[in-house]
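Enquirer: After the structure tokens below, expect a handful of questions from me.
No lab work stands behind these numbers, since they all come straight from the coordinates. All values reported here derive from a predicted model rather than from experimental measurement. Every residue, glycine as well, gets a Cβ built from its backbone with ideal geometry; the counts of neighbours run over all protein chains shown.
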Amino acid sequence: MSKLEIKNLNKTYNPKVVPVKDISLDVSEGEFLTLLGPSGCGKSTILRLIAGLEQPTRGEIRIADRNVTHLRPGDRNIAMVFQSYALYPHMTVYENMASSLKLRKISSAEIHRLVTEVAESLGLTELADRKPGKLSGGQRQRVALGRALVRQPAVFLLDEPLSNLDALLREKVRAELKQLFASQKAPVVYVTHDQTEAMTLSTKVAVLNNGSIQQLDSPHLIYNRPANQFVAGFVGSPQMNLFVLKCQGNFAMLGDFGVALPNMPTVPPEIVLGIRPENVCFAGEEAGKMPAPQVIKGEVYLVENLGMQNLISIRIKGLESLTVRVLLPGDRQWNSESIELIFPPQLIHWFDVKTGERIPD
């Protein structure tokens, strides 16, 4: 069974530059893992270590229960798709896809069968005789994917393969990728800084920052139960509202108003409240039914039209420096600039001010 195992993987260039800090994770057969994070978080370095393009300072990499930590890239039975496509410009589509198979001395008949089968699945049959210079960006990307697929590797590695495509083409190819790898058994490790790619393609996501895994979970849990303040702020567009609030009794104070705190052994002086823009509600007719501290008054000062939705920025009464952003359907109306908000308790995320870790509900 194909499986990728990484144990205590570390890469140190010097004491001040440690892009990968003791990473451990498993990717089983049929799983699609995305390494997600900002530039410089270590995600591409991890991929290069798995591929054998760099050597780890310490740790172990196992593919299909075989220690490959110090093997050359060509001996690891992996296939990698690069951001730049890396196609041979003097070769046709067919020759590019067949090139790695020829190096492995596979028979011509078997090469023809594998290339023809993969080309058909990717819609490249009619382009087989063209060279990369006569292909569009999306077609080149599919050729690069085809070259990886024909190898039938133990692990697929993809390094931001869609970043060079325009927005519309990226959406189309992303859908094709999801269908394509759903039928593959080999583990997939995919690197991106694009949250949409991570959430739509993956069976699990590893969110990285400063060389460490902040959370390794399903896309659903990454979004709905972020493990810490970094994940909460990084995942989601528009970004989650995050406020450092003073605690007073059993409430976190928002200007003249308060939000009920979760049950805690001791109430800290300050706490971080997080709520996603789409989860903030207008009080409306419900305001009279809610406990007074949970109704928050504010004033609309900015409306951003996002097409199907409006992103509204609201200043809180008594704390004008604090802005709450609310995401509403494009046809939703509000009566005046003065507005009352409710933060549904079940949709609030609480984080420790000092550690940034999630406080259990």
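Enquirer: About the Cα centre of segment 1-127, what is the dipole size in debye to 20, counting +1 per Lys and Arg Cβ and -1 per Asp and Glu Cβ, all else neutral?
Expert: 640 debye
Enquirer: If you stretched the chain out fully between L103 and K131, how much longer would it get, using 0.36 nm times the residue separation minus the C-alpha to C-alpha distance? Present the calculation step by step, with values, prior to reporting the outcome.
Expert: Numbers: separation 28, 0.36 × 28 = 10.08 nm, distance 2.01 nm.
My answer for the length gained is 8.1 nm.
Enquirer: Which residue, chosen from T203, N228, G356, occupies the Cα position most advanced towards the positive end of the dipole of the chain, where the dipole is computed from +1 (Lys, Arg) and -1 (Asp, Glu) charges on Cβ about the Cα centre?
Expert: Ranked along the dipole, the leading option is T203.
Enquirer: May I pose another question? How far is helix 167-182 tilted off the main Cα axis of the chain, in degrees rounded to 10, range 0 to 90?
Expert: For 167-182 against the chain, the angle is about 70 degrees.
Enquirer: Another question about this same structure. Using the Cβ atoms and a cut-off under 10 Å, what net charge is assigned to the surroundings of G123, where Lys and Arg are +1 and Asp and Glu are -1?
Expert: -2
Enquirer: I want to verify a result. In a Gaussian network model of the chain, Cα cutoff 10 Å, which of these has the top mean-square fluctuation: M240, M199, M253?
Expert: M253
Enquirer: Taking the chain as the reference, fit the longest principal axis to its C-alpha atoms, fit the long axis of helix 137-149 to the helix C-alpha atoms, and give the angle between the two in degrees, 0 to 90, nearest 10.
Expert: 60 degrees
Enquirer: Can you list residues from other chains, or at least 5 along the same chain, whose modelled amide H is less than 5 Å from the amide H of Q184?
Expert: none
Enquirer: Can you pick out the pairs among K204/K317; K16/K178; K7/K185; K7/K354; K21/K354; K102/K185 whose Cα atoms lie more than 32 Å from each other?
Expert: Violating the 32 Å Cα-Cα cut-off are K204/K317; K16/K178.
Enquirer: What is the extension gain from T116 to K16, computed as 0.36 nm multiplied by their sequence separation minus the C-alpha to C-alpha distance, in nm to one decimal?
Expert: On the way: separation 100, 0.36 × 100 = 36.00 nm, distance 4.95 nm.
Full extension of this stretch gives 31.0 nm more.
Enquirer: Right, another one. What is the magnitude of the charge dipole of the chain about its Cα centre, with +1 placed on the Cβ of each Lys and Arg, -1 on the Cβ of each Asp and Glu, and no other charges, expressed in debye to the nearest 20?
Expert: The calculation lands at about 1380 debye.
Enquirer: Then there's this: Let me check against my output: what whole-number percent is the relative contact order of the chain, with C-alpha pairs under 8 Å and at least 6 apart?
Expert: Answer for the chain is 16 percent.
Enquirer: Between S237 and S39, how many nm apart are label points set 7 Å from Cα along the C-beta direction?
Expert: Roughly 1.6 nm, to one decimal.
Enquirer: Further question: Using the count of nearby Cβ atoms within 10 Å as a rough guide to exposure, how do S121, S338, S237 rank from fewest to most?
Expert: On the way: S121 17, S338 12, S237 9.
Neighbour counts put them in this order, fewest first: S237, S338, S121.
Enquirer: Taking a ≥ b ≥ c as the square roots of the Cα gyration tensor eigenvalues, with a/c under 1.5 meaning rounded and otherwise prolate when a/b beats b/c, else oblate, which class fits the chain? All intermediate terms of the calculation are to be shown ahead of the outcome.
Expert: Working: a/c = 3.17, a/b = 1.89, b/c = 1.68.
It is prolate, given that a/c is not under 1.5 and a/b is the larger ratio.
Enquirer: Per 0.36 nm of contour for each residue apart, how much would the distance between H90 and K246 grow if the chain were fully extended, relative to their Cα-Cα spacing?
Expert: Difference between extended and current length: 49.7 nm.
Enquirer: Also, quick follow-up: Return the FRET efficiency for the residue pair K7, T200: r is the Cβ-Cβ distance, R0 is 35 Å, and the value is rounded to the nearest 0.05.
Expert: 0.75
Enquirer: Give, rounded to the nearest 20 debye, the magnitude of the charge dipole that segment 136-190 has about its Cα centre when Lys and Arg contribute +1 at Cβ and Asp and Glu contribute -1 at Cβ.
Expert: The calculated dipole for segment 136-190 is roughly 200 debye.
Enquirer: Under the Karplus relation 6.51 cos²θ - 1.76 cosθ + 1.60, θ = phi - 60°, what is the ordered set of whole-Hz ³J(HN,Hα) values for segment 268-279, x standing for Gly and Pro?
Expert: x, x, 9, 8, 9, 9, x, 8, 6, x, 6, 9
Enquirer: Modelling each spin label as a point 7 Å along the Cα-to-Cβ direction, I'd like the I359/Q184 distance in nm, to one decimal.
Expert: Label at I359, label at Q184, 4.4 nm between them.
Enquirer: If you don't mind, another one. Given a 10 angstrom Cα cut-off, can you work out which residue in A186, A51, A167 is the most mobile in a GNM of the chain?
Expert: Evaluated over the chain, the most mobile residue of the options is A167.
Enquirer: If you don't mind, there's one more thing I want to ask. Using a basic spin-label model with each label point 7 Å from the Cα along Cα→Cβ, how many nm lie between E29 and D65?
Expert: Each label point lies 7 Å from its Cα, and together they span 1.1 nm.
Enquirer: Follow-up question, since we're still on this one. Excluding residues fewer than 8 places away in the same chain, name every one of the aspartates and glutamates whose C-alpha is closer than 20 Å to that of K131.
Expert: By straight Cα distance, K131 reaches E95, E117, E120.
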